[in-house]
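Peer 1: Dropping the structure in here first, questions after.
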Amino acid sequence: MFFKSKYIIEFSKPKEEILNDIDKNLSKKFFDWNKCFAGKVSENSFDIKFSYDKMSPYFKGKFVAKEDKPETIGLTVYHGFFSIFGNIFGTIVMLIFAIVLFQQENYFWIAAIIIYILIVLSSRVRVNNAKDNFFEYLKKLDTYSKIIPGKK
């Protein structure tokens with residue numbers, strides 16, 4: 001789905017070490033320029049996003065206990081309310097703009113639709129890059145971790 005996806009991540013390191021590493025990379029003050037995340041970390045979960053990208057998706061992870069894999073995170077990647085609202089509002093505006101241009105009997109509506117498709121595709125690429133960067137960060141924390149796509 002475009003706005004929400006789920007993953008299961010299995011670590012070989014203890015959860016305290018993983019959460020401490022994530023907490024060390026949280027931007028807690030205004031002048032934490034070298035920190036890459038904004039959000040919060042609790043004793044059993046985290047809810048973060050990239051601090052340098054305001055339109056970054058949120059990453060919500062919660063450790064779930066499994067008998068054979070004690071250090072397993074159920075990770076949900078989702079968008080905030082304003083991001084979803086902005087996408088819907090942008091779609092409505094572009095559709096109205098394309099309909100008005102179509103009724104004026106010129107072909108600028110085709111360009112408007114092509115531009116909108118490019119904007120949507122670039123947004124999707126940005127989200128995929130954010131996921132890849134986060135998964136790369138998790139792989140650096142634990143090289144033996146496994147990332148398994150979950151059910152939608």
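The values are calculated or read from the model by the stated rules, or taken from the named source; none is laboratory data. Remember, predicted model here, so these are calculated numbers, not experimental data. In this analysis, Cβ positions are derived from the backbone assuming ideal geometry, glycine residues included, and neighbour counts consider all displayed protein chains. Accessible surface is based on the protein model in full, side chains and every heavy atom, while ligands, DNA and RNA are left aside. Shrake-Rupley method; radii C 1.70, N 1.55, O 1.52, S 1.80 Å.
Peer 1: Subtract the Cα-Cα distance of Ser5 and Glu105 from 0.36 nm times their separation in residues, and report this length gain in nm to one decimal.
Peer 2: 31.9 nm
Peer 1: Using DSSP H assignments, which helices in the chain have an axial alpha-carbon span of 24 Å or above and a mean Kyte-Doolittle hydropathy of 0.0 or higher?
Peer 2: Those that clear 24 Å and a mean of 0.0 are 81-103, 108-141.
Peer 1: Distance in nm between label sites at Ile119 and Val64, each 7 Å beyond Cα in the beta-carbon direction?
Peer 2: That separation, rounded to one decimal, is 3.7 nm.
Peer 1: Placing unit charges on C-beta atoms (Lys and Arg positive, Asp and Glu negative, everything else neutral), compute the dipole magnitude of the stretch 50-105 about its Cα centre in debye, rounded to 20.
Peer 2: The calculation lands at about 180 debye.
Peer 1: Determine how many Å³ per residue the convex hull of the Cα atoms of the chain encloses.
Peer 2: In the chain, the Cα hull volume divided by residue count equals 126 Å³.
Peer 1: So for Phe85, Phe11, what's the accessible-area order with a 1.4 Å probe, most first?
Peer 2: Highest to lowest solvent-accessible surface, that is Phe85, Phe11.
Peer 1: State, as an integer percentage, the relative contact order of the chain based on alpha-carbon contacts under 8 Å between residues 6 or more apart.
Peer 2: The value is 30 percent.
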